[in-house]
Every structure is written in C-alpha cells, then in structure tokens.
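Heads up: the structure comes next, in structure tokens.
None of the figures in this text is laboratory data; all of them are computed from the coordinates on show. All of these numbers come straight from a predicted model, not from anything done at the bench. Quick reminder, even Gly has a Cβ in these numbers, built from the backbone with ideal geometry, and neighbours come from all protein chains shown.
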Amino acid sequence: MNSRNTLKVNAAGHLEIGGCDTLELAKEFGTPLYVYDEDYIRAMMRVFKNTINKDYDGHGKVLYASKAFSCLAMYRIAKQEGIGCDAVSGGELYTALKAGFNAADIYVHGNNKTYEELVQAVKAGVGGIVIDSYREADILDKIAAEYKVKQKVLIRVNPGVEAHTHAFVQTARTDSKFGFSFRDNTALEYTKHVLSLKNLELKGYHCHIGSQIFEKQSFSLAAQNMIEFMVAVKKEAGFEAEILNMGGGFGIYYTDEDPKFTESDYAEYLLTLIKTVKEKSKELNFRLPYLLIEPGRSIVGEAGITLYTVGSIKDIPGIRKYVAIDGGMFENPRYALYQSKYTVVKAADVNAANVQKVSIAGKCCESGDLIGVDLPLPEVESGDILAVLSTGAYHYSMASNYNRNFIPQAILVKDGKAETIIKKQTFEDLVRNDVIPDSLK
Ligand SMILES: Cc1ncc(COP(=O)(O)O)c(C=O)c1O
C-alpha cells in the first residue's frame, strides 16, 4: 500500500500502521488525526545517511527539509539519527533549536528572510545561511560585524534544470523567485560581491530543482551544471567552493500513477547523483565538494496518513457523489493548491472492492475544499473511518485554522504504541492571540 509496505491489513481486515489498528487510533484520539510511523521516518533518514557514508566517504550530510513537517518530535528524531536540517523561517529555526538541535547542523534558507530572522540565525551560530539577494548579503554582513562573527554562507544558484513535475512546485526555472542564474553572469557577479564582504565567509552553492521528482537524470544534469559553474567561478573569481548543496526533491508514492521506491531505489537515486558529482569533479579537476542534500517529502511523506470520519454523503444523481469528511483544506490544502492526488482507503475493510467514484469534500466553507475528485472507494456510510495515505509531508506544515477549525492532533506510532507529538487544539487556543481593543470595550 505504500512503498515500504509498512501499512498493513490486520487479521480483522483493518488498516494498521506502526503496529496500531487505525480504528482503535481513531477511537482513542478522535479524527481528523495525523498519524506518523516512526520506523519509516528513521529508515528513510538512514538510507540517505548511509549512502553518503558508504559511497561518498561520509564527505557530506543529510539535512532534513523542515518545511515538510516541523515539530519538536521530528527534530528529535533527526537529531537522534545524526542528520542535520534546514530551516526556512524563524519559527522552524526556533523549533529545531528548542528540540535540542545543534545549531551548526542547521542551514537557513529563504528568498526574503527578515532582519530578525537573520539576527536569530547569526546569534544561534547556524552552520550556514543560504543567501539569495544583494540586499540580504549586505544586511547579513552588517549583522555579522555587529555580532563579531564571520558568517558562513552559501549562494542559491538556479541551475536551469526543469524537473518533470507539477509546475506549481517548480522552484528552479530561470523565471523563479529563487536563486541567481548560472546561465548569464548573475551568479558569478553575485559571488564576487559576496567575496568582497568582510564578515561573510562564502563556503559554496545551493540549488533545488523541484519536488516530487522521479527523473534521476534531472539531478545528474543539475549536478553537472553546478560543478561546471563552480569550475568557472574558480577560474573567473579565484574562489574554490567547498560545499555543494543539491537540495531535495526525491519523489514518493501517492497513487498508482507514481512508482513505488524501495529503500534501495532511494539509495540508488542518491548514488546516481553522487556518481555524477565524482565523475564531473574528476573530469574537471575540481576538489570533491562536501555534499549536502535536503530531502523532506521522501523522509516523512509516506510515513504519514490522515484519519477522518465520514459525515454527510450527498449523491447528486447523474452528476456526482460527495462524501464529506471532518477535515478539509485547513489540514490538507494540497488538493486546492495543486490538485494533488491521493489513495484513500476504508480503514475498517481495506480489501473491500471499490465500487464507486466519489469526491471527498472537506468541511470548509469553500466549494474548492476537496481532498480529491473521482476517487475510487468501496461502499461507505456516515461514521466510517477513511484513511488518506502519504500525508506526512506538507500537510500539518501547511495547515491553518481556516474557518476557525482546529489543526488536528498528530501522533507517532511504533511497535503497536501511539504517542502524541502535537496536541489537540482547544477553543481557547483559537482566541489566544485575539484582543478586544479598548475602543471596543
Ligand atoms: C530549498 C529546498 N530544499 C529542500 C526542499 C525539500 O524538497 P522535498 O520535500 O521535495 O524533498 C525544498 C522544497 O521545496 C526546498 O525548497
């Protein structure tokens, strides 16, 4: 049912995750409920880490991409597995540090970091800041001077590779808010500028070519371009980059339209990238860079499922059947944003034959609030528990309190035990920051 077969059908025919019966989980914790399989997360962190250790002599590091799913427990797992992380906001950085993460293992991203976020990163002593504009470099230089540090930085480069994936999640086109193009001289000119700043220490370059990518060759092409670019910089600016950060983007299984990658497939995937880096560096006589990768979705995406209870069912004869669940775009905005596709199963009878196609509707006051249309399902009735698979990445992290709905609770399951990692919100949480000003009293 998922790539590593960690989702099971138990003897009663119910969906099981991390040794827990999903019907029991729904009863104990309520729905909607985010459920995360700890073993899955750890296994994926190890695949990437072990591949770098074995095939790149440990000359690199895995940075978990926080944006996929950020909470204290997730950083604790990453720390225990000996990997680093990235952070794209003050909030992610704060959470990672609060979880006990070593600041030197954190890299900070963002195309428009605020002054406060830059100060926070410098004060924390993060491993590196990926800079993305002249303004940012100049501000950071001043902040570093003020705090008397030489701040390590990487430059975000747009390697001009379009991975075959959904256009909305492309971030590396020339027409992109991210990065400096290596095709014209902009990345080189920016490099020269950064090298002229006394309080910044340029360590290398970063790129990210997109997300949900299955084309290995796109990573190889990007890596080749990056190394060619770094060779050109060495020649033109006399700067030899030490670090190459290739970003994230490895794809995962959502529906049968996607391949199911095993752990060895992911290792192979990374190995293709590693081989390219080695071959190209050797060919161009360039010192082998310290390699960083930033997988997010592939680490946590398939580790997560969301459980819902079916509410009203509206059958419009000859037009469409809507099955409404107690979640929606406030806890999963991905269909509304990207028309993302999912596999949905009936938790009480996973093997039941799909006999209908339905639209799964959320409870928000928006017609576009759907989890999907024309999804195959068995017979379902109000009160049934549905599980939407592969919801570990970019679900909780994209959730909101839209319509003043609660962001659901998240639990971690392992060996038949379930523990809360994000508590249920309360009505009080919803009004915590609301203020009635004196003028309205
Ligand atoms: C800079 C950067 N690194 C890493 C990632 C993680 O990508 P993924 O979750 O597809 O592995 C992203 C996602 O957009 C990103 O923008």
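Model label sites at residue 382 and residue 242, defined 7 Å from Cα along the beta-carbon direction, differ in position by 6.5 nm. Stokes-Einstein diffusion coefficient for the chain at 4 °C in a medium of 1.567 mPa s, Rh from the Kirkwood formula over Cα pairs: what value in µm²/s? It diffuses with D of about 56 µm²/s by this estimate.
Say the cut-off is 23 Å between C-alpha atoms; which of 152/282; 27/67; 203/234 go over it? Beyond 23 Å: 152/282; 27/67.
How large is the convex hull of the Cα atoms of segment 38-297 per residue, expressed in Å³ as a whole number?
116
Excluding same-chain neighbours fewer than eight residues apart, the aspartates and glutamates reachable from residue 148 by a Cα-Cα span under 19 Å are 116, 117, 136, 138, 201. Once the Cα atoms of helix 134-146 and of the chain are each reduced to a long axis, what angle between those two axes, in degrees from 0 to 90 to the nearest 10, is obtained? Between the helix axis and the principal axis of the chain, the angle is about 80 degrees.
Here 85, 365 are placed in order of increasing Cβ neighbour count within 10 Å, fewest first, which gives 365, 85.
Computed from Cα positions, the angle between helix 38-55 and the longest principal axis of the chain comes to roughly 30 degrees. Summary of packing: across the peptides 433-441, 370-378, 240-248, the per-residue average of other C-beta atoms within 10 Å ranks them, highest first, as 240-248, 370-378, 433-441. Excluding residue 220 itself, what net charge comes from residues whose Cβ is under 10 Å from its Cβ, given Lys and Arg +1 and Asp and Glu -1? Around residue 220, the charge tally is +1.
For segment 158-317, which semi-axes, largest first and in whole Å, follow from the square roots of 5 times the eigenvalues of its Cα gyration tensor?
The equivalent ellipsoid of segment 158-317 has semi-axes of 36, 18, 14 Å.
Comparing 148, 346, 280 in a Gaussian network model of the chain where C-alpha atoms under 10 Å apart are linked, the largest mean-square fluctuation is found at 148.
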